[in-house]
């Protein structure tokens, strides 16, 4: 698909209850022309869910295997955290694990066949693979309201997330 993505700016007032952090985040993110608004919103929400120092965004879709769409490096330059979105292929995730300590897949309303494939996949023994599902009601609402300049007020708890007054469940599962 040829075409240009759209640049979206986010000003996010974040309250991250698991760490006790309060922060104001400012992100400029480019959506890929083939990326759905819901997947794009997942990327922005993931930065809130996994908030912490050193979290950086990579390219939206077209990237090398050695670079995550969102991640954090450790003091030695290795990926300490690698985030993927939607329903990525388990083989791609296994390759990502060779260069990362922790892998998190953030999704919304995953298909049953994909979930079964992920649960049945033979992950490396020491791998830490987590699935975080954001309730679709929030992802759809934010996707429908997405504009170039977005102002969000987000609260993240251990099992929920709320953005601009819309609450949603966060379901977490360890896959290995």
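Odds and ends about this structure:
- Taken together, the residues in region 140-164 that are under 23 Å from residue 36 (Cβ atoms) and either touching a strand residue (DSSP E or B) at 6+ places or on another chain (Cβ under 7 Å) or not in a helix (DSSP H, G or I) (or both) amount to 16.
- Within region 124-136, the set of residues being surrounded by 17 or more Cβ atoms within 10 Å (Cβ to Cβ) and over 16 Å from residue 81 (Cβ atoms) comprises 133, 134, 135.
- Residue under evaluation residue 137, criteria (1) assigned to a loop (DSSP other than H, G, I, E, B); (2) out of contact with any helix residue (DSSP H, G or I) (no Cβ under 7 Å at 6 or more places or on another chain), criterion not met: (1)
- Scanning region 20-41 turns up one or more residues that are within 15 Å of the chain's Cα centre (by Cα), exposed (fewer than 14 other Cβ atoms within 10 Å of the Cβ) and in contact (Cβ under 8 Å) with a residue 40 or more places away in the chain.
Since every read-out is calculated from the coordinates, none of them should be taken as a lab result. What you see is a predicted model; the values in this text were computed from it and never measured. As a convention, Cβ positions derive from the backbone with ideal geometry for all residues, glycine included, and neighbour counts pool all protein chains shown.
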